[in-house]
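Student: Below is a structure I'd like to ask you about.
The values are calculated or read from the model by the stated rules, or taken from the named source; none is laboratory data. Being a predicted model, the structure only gives us computed values, none of them experimental. Here the Cβ is made from the backbone with ideal geometry for all residues, glycine too, and neighbour counts use every protein chain on show. All accessible areas refer to the heavy atoms of the entire protein, side chains included, with ligands and DNA or RNA removed. Shrake-Rupley method; radii C 1.70, N 1.55, O 1.52, S 1.80 Å.
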Amino acid sequence: MDSLITSSDVLLTWMVVVCMTAFAIWAEQKTKIGGFIGSSIIAIFGAMILCNIHLIPVKSSVYSGIGNIVLPLSIPLMLFKCDIKRIIRDSGRLFVLYHIAAVGTLIGSFICGMIFAGRDGLAGVAAMTTGGYVGGTVNIVAMGKVFNMEAGYINAVAVGANLLLGLVMLVLGIGGNFGFIRRNMRHPYIDEYEAGADNTKSLAEQYWKPKNITLLTIALCLATTFVIIGISQVICNAVNKTDAHFIIKQLFGSIYLVMTLVTAILATLFPNYFSKLEGAEELGNIMILAWFTTLGCAATLDDVLSAGYVLVFMAIVCVVNVVFSIAAGKVVNASYEEMATASCATVGGPTTAAALAINKGWSALIVPGVLVGLYGYIIGNYFGVVVGNFFR
């Protein structure tokens, strides 16, 4: 059955994608249910509904344009504040605890890799899951491209990751109320909840607070991310023309990995310049959500379920991550709140870690959670490459 808006209606398709992106942001900030499930899930499933009622097409040049241009541009924008020196200096204990949670993802990925040995696309699924659950869902598409995964697998992992992310946030959020946790782990931030969030605003609205954004900063944000993308493309082209080992080409011949590395190096070398580029994270988040919207158009629920073992693979990794993080946190005498934030940063990235900390009133963990989440954007892809090649 043809959709009301056909694939040839480019401007109308753009209209729907941008409006759905804006609706997802509004719903996350202004409604309780939206704040609970998150803008990415709203964008994905909102687009799925529009496709299933045949309002918009399943395939369009708009979707491929966003995936090929808008998505790559968004990633450097999300990393402009990723000064490695500042992350190590200011994130404190959480920097160490973050690595413990990342080990939980690695353990889960290796367990699942052995359980599902021989399945189609295992290397790519393992890479995407590892990259996504060490550095957040932003890394999933990068790993999918590096391992030449079909769009169906990338869509299934991305949709599944966002579904599971909501469950992980729910479990970690209520975990501090469990008697077992109260008896066996320190929980100082819960005990001092009176220093918590402003309950008159949603957690998303508090995180995306107004900033000193000007026409010049927006222009510089866009110009800088285009420069980084251009430099990265030149590096990738040069590397891919050589006879280097395929792993070298994976690491330095994929624009998604190279632009992450280039952005991190520049943000660390020139922190004053990048710290003044207000609006970069907002622009990057809008672009990412636009991509999630197109993902919902291309990935029906049937597509996700037809991927078979993918959702089970990811669910097991999530469970292992959370359980290992809490158990290891007990061993190293970390508080429950610290380990929950570290685990959330690995599974969802900086905004998710901040959302959890704001929502639960753990105000002292908001900035460290964002910093280690940004750090995860960088290292997650490289963990994914290692695990993916192990199961090749």
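Student: For region 48-63, give me the residue count where each residue is at pLDDT below 90 and either within 22 Å of the chain's Cα centre (by Cα) or open to solvent by less than 20 Å² (accessible area, probe 1.4 Å) (or both).
Tutor: 2
Student: Also, I was wondering about something else. Would you pick out the residues in region 1-24 that are assigned to a helix (DSSP H, G or I) and surrounded by fewer than 20 Cβ atoms within 10 Å (Cβ to Cβ)?
Tutor: Quick first cut of region 1-24, residues assigned to a helix (DSSP H, G or I) only: 10-24.
The answer is VAL10, LEU11, LEU12, TRP14, MET15, VAL18, CYS19, ALA22, PHE23.
Student: Which is surrounded by fewer than 24 Cβ atoms within 10 Å (Cβ to Cβ) and in contact (Cβ under 8 Å) with a residue 40 or more places away in the chain, of ILE69, ILE107, ILE75? Reasoning before the result, please.
Tutor: Working: ILE69 fails: in contact (Cβ under 8 Å) with a residue 40 or more places away in the chain; ILE75 fails: surrounded by fewer than 24 Cβ atoms within 10 Å (Cβ to Cβ).
Just a single option satisfies the conditions, and that option is ILE107.
Student: In region 123-147, what residues are of a type outside the set (Lys, Arg) and within 20 Å of ILE69 (Cβ to Cβ)?
Tutor: Initial filter on region 123-147 (of a type outside the set (Lys, Arg)): 123-144, 146-147.
If the condition is that a residue be of a type outside the set (Lys, Arg) and within 20 Å of ILE69 (Cβ to Cβ), then THR137, VAL138, ASN139, ILE140, VAL141, ALA142, MET143, GLY144, VAL146 are the ones that fit.
Student: For PHE80, which of the numbered conditions (1) under 30 Å from THR224 (Cα atoms); (2) part of a helix (DSSP H, G or I) fails to hold?
Tutor: Tallying (1) under 30 Å from THR224 (Cα atoms); (2) part of a helix (DSSP H, G or I), PHE80 fails exactly one: (2).
Student: Given the criterion of a type outside the set (A, V, I, L, M, F, W, C), modelled with pLDDT of 80 or more and closer than 27 Å to CYS318 by Cα, identify the matching residue among ASN162, ASN184, ASN212, ASN155. Even if it seems obvious, please write down each step before you answer.
Tutor: On the way: ASN162 fails: modelled with pLDDT of 80 or more; ASN212 fails: closer than 27 Å to CYS318 by Cα; ASN155 fails: modelled with pLDDT of 80 or more.
It is ASN184.
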